[in-house]
Amino acid sequence: MRDDRLFNYLHLHFIVFIWGFTAVLGALISIESVPLVWWRMVLAVIMIVIYMKVKKIPFQFTGVHKLPRKRLLSICLAGMVIALHWITFFGAIKASNVSVTLAMMSTGAFFTALLEPLFTPKKLVWYELVFGMVIIGALYYIFQVETEYIMGMVLGLISAFLSATFSIMNVTFAKEHPPSMISFYELLSGVLLLSLFFALPQFDFVGPQQLTSDDWLWMGILASVCTAYAFIASVKVMKYLSAYTVMLTTNLEPVYGILLAFFILGDAEQMTPQFYIGAIVILVVIVLNGFIKTRLQRK
């Protein structure tokens with residue numbers, strides 16, 4: 001079991017690196033966030049269907065994996081949550097840049113610490129509240145110095161909250177059902193939700209002919225490596241890791257993503273020194289929170 005946990009922990013780090021690259025792809029793809037996420041999820045669903053056909057994995061929950069309708073509805077709800085998370089995530093990138101968005105996403109572990117006591121037996125502890133106040137102070141500091149990116153920061157915080165919500169929901173599913181089946185139903189429900197968006201006048205559908213060759217290249221990587229593979233793999237590692245461990249490791253996404261964005265996107269990602277001070281404070285607090293939690297659990 002220890003070897004399984006170590007392998008899946010290292011695998012999770014690789015997945016988080018891929019997620020960091022996802023932010024860069026969001027900046028490279030020219031279309032807006034809603035059609036971007038719709039195409040991402042549609043292509044990912046197709047790839048997962050092909051994978052399940054090849055592996056002869058059933059599309060229905062039967063036998064030991066049979067579940068009541070209420071659980072299936074919960075899985076579909078989780079899919080809608082992750083769809084909204086991706087919309088706000090790419091919306092934040094379009095409204096600001098990769099660095100700002102990923103700095104806001106690093107608050108995900110804080111949101112997880114607040115939400116877990118509401119949905120699990122875990123109790124909220126005093127030092128998490130203290131760390132939460134420090135994070136709020138760092139966010140306020142960033143908001144004061146980066147006023148041109150306010151909308152991107154707000155969308156990034158909403159995205160972090162939705163990501164934490166999804167992680168808590170998905171841990172239970174991952175421990176009880178095959179990851180590819182969960183991913184299929186979650187992504188499909190996300191596609192259905194986003195399809196409704198195009199009925200509204202403020203959201204325009206983007207047809208395949210409107211995507212450039214570069215868009216198709218980046219979208220293909222986004223849908224295959226960063227979605228179909230990473231989605232199934234992340235659900236699988238959750239069989240061995242807790243929601244907090246997953247979210248804590250996910251907080252390396254800003255580090256990977258900001259470094260990748262700096263080397264790939266160049267000057268567009270350069271921020272003020274004050275921004276990096278605030279972002280570093282948030283990351284240090286999150287890591288320190290995980291360190292203290294681990295020490296206390298060992299004792």
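The values are calculated or read from the model by the stated rules, or taken from the named source; none is laboratory data. Just so you know, these numbers come straight off a predicted model, no measurement behind them. Note that we place each Cβ from the backbone using ideal geometry, even for glycine, and neighbour counts take in every protein chain shown. The protein model used for the area step is the full one, side chains on, heavy atoms only, and it has no ligands, DNA or RNA in it. Shrake-Rupley method; radii C 1.70, N 1.55, O 1.52, S 1.80 Å.
Here are a few things to note about the model shown:
- For the chain, accessible area per residue (1.4 Å probe, heavy atoms of protein chains only), Å²: 48 Å²
- Annotation: ASP267 carries an accessible surface of approximately 120 Å², with a 1.4 Å probe and no ligand, DNA or RNA atoms counted.
- Measuring with a 1.4 angstrom probe and ignoring ligands and nucleic acids, TRP216 comes out at about 90 Å² accessible.
- In the stretch 1-131, lysine pairs closer than 29 Å at Cα, eight or more apart or cross-chain: 9
- Here the calculated FRET efficiency for VAL54 and PHE291, from their Cβ-Cβ distance with R0 = 30 Å, stands at 0.10, rounded to the nearest 0.05.
- Per atom type, the stretch 185-229 shows carbon and sulfur on 69% of its accessible surface, probed at 1.4 Å.
- Karplus-derived 3J(HN,Hα), 6.51/-1.76/1.60, for each residue of the stretch 225-239, Hz, glycine and proline x: 6, 7, 10, 4, 5, 5, 5, 4, 5, 5, 5, 5, 5, 5, 5
- Computed from the Cβ-Cβ distance with R0 of 35 Å, the FRET efficiency linking LEU200 to ILE150 stands at 0.90.
- Projecting the Cα positions of VAL42, LEU115, GLY91 onto the charge dipole of the chain (unit charges on Cβ atoms of Lys, Arg, Asp and Glu, taken about the Cα centre) puts LEU115 furthest along the positive direction.
- About the centre of its Cα atoms, the stretch 98-180 shows a dipole size close to 260 debye [charges on the beta carbon of Lys, Arg (+1) and Asp, Glu (-1) only; nearest 20 debye].
- For the stretch 18-115, carbon and sulfur atoms together expose 68% of the accessible surface, with a 1.4 angstrom probe and every protein chain in place.
- Cβ-Cβ FRET estimate between ASP267 and ILE136, R0 fixed at 35 Å, reported to 0.05: 0.70
- A Gaussian network model of the chain, with springs between Cα atoms under 10 Å, assigns the largest mean-square fluctuation among PHE231, PHE59, PHE184 to PHE59.
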